[in-house]
Amino acid sequence: MQRFGRVLAIAAIGVAAMMTVVDVADARRAGGGFGSRGSRTFSAPPVTRTAPAPAAPIDRTMTPRQSTQPSTATNPASQNRTNARPGFFNGFGGSMLGGLMMGGLIGMLLGHGIGGGIGFLGLLLQVGLVVLLISLAMRFFGRNQRPAYSAPAASARSSAAAGAAPSFRIPRIGEAMGGAATGASAAAPVPVQTDEISVGQDDLDRFEAMLKDVQAAYGAEDYAALRQLTTPEAMSYLAEELSDNATKGLKNEVRDVHLVQGDLAEAWRENGTEYATVAMRYESIDVMRDRATGRVVSGNADEATDAVEIWTFARKPGADWQVSAIQGVEA
């Protein structure tokens, strides 16, 4: 039994090691996504015939998320709670002063006040003194209890508009974005104006060529070629993956890339940059080798494997396309 248990333990360790190596080899494909798709980074691209399943979300990006939660400073509810705090006359001070007033009046009516011995004239004198003291006290404490007035009505409308601003969304084709920003909308997140664009066959051919070039540069660990083919952000993530492979003593070999099918998911322009997201199904020889010996650690060096990925390309006016994001496809 001990010998059998030892064999099972060794087999379990071996299986775990194999699964770890497979995870390293398939991390770029089966993982989430990295890079940037502009204002659409956190929205899934439309499904296509090539990629009928949703794209994996981009979980490594430098694009900040836009928050629409109203701050405490502009939240009317918090302002009401702040202004509703009890003052001196609404708390203990008011109870004490009221008790003194009622006690004084009752004492005067019974004739036991300051001038109880002088009859009705003393009663009037005591009433006058109490009224004078109350008036002076209210003036004194009133100066410290003046309400803190809010900003003018325009600012109030601005705060209300900021708190009730709708969440950010991508405008539809041809939808107007409105006029110039006013004071009421200045506090809300500014929508990004996007225009749908058309992509020609020359662009699609270029995307297919870039698929092969990026895979070849990645397999050869050609950092100079990757810098030309990808945006600085996408390049940083690819360089990080290559560095991790080198640290583990591995090298990812990718060759014989062949595009089987591709579909354009969406293409748009924003802030002077054009984007095109393409679903691509391709075949390739994708293996992980031991860096020192060249031994195949995972994958089949003689059989092509199939993969489906979502690639987003970006370009500035007058510049070439570059890969800005790569996403896997959820199972």
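All of the numbers you see were taken from the coordinates with simple rules; none came from a lab. Everything numeric here is computed off the predicted structure, so don't read it as measured data. Ideal geometry is used to build each Cβ from the backbone, glycine not excepted, and the neighbour counts take in all protein chains shown.
Of all GluC sites (Glu not before Pro) in the range 236-303, which ones are in loop regions per DSSP and have a Cβ with at most 14 other Cβ atoms within 10 Å?
Those that pass, being in a loop and sparsely packed, are Glu303.
Between Ala319 and Val260, what is the FRET efficiency for a Förster distance of 22 Å, r being their Cβ-Cβ separation, to the nearest 0.05?
It comes to 0.15.
Amide H to amide H, which residues 5 or more places from Lys248 or on other chains are under 5 Å from it, using H placed in the peptide plane?
Those lying under 5 Å, H to H, from Lys248: there are none.
For Asp244 paired with Asp290, estimate the spin-label separation in nm (one decimal), with each label point 7 Å from Cα along the Cα-to-Cβ line.
2.3
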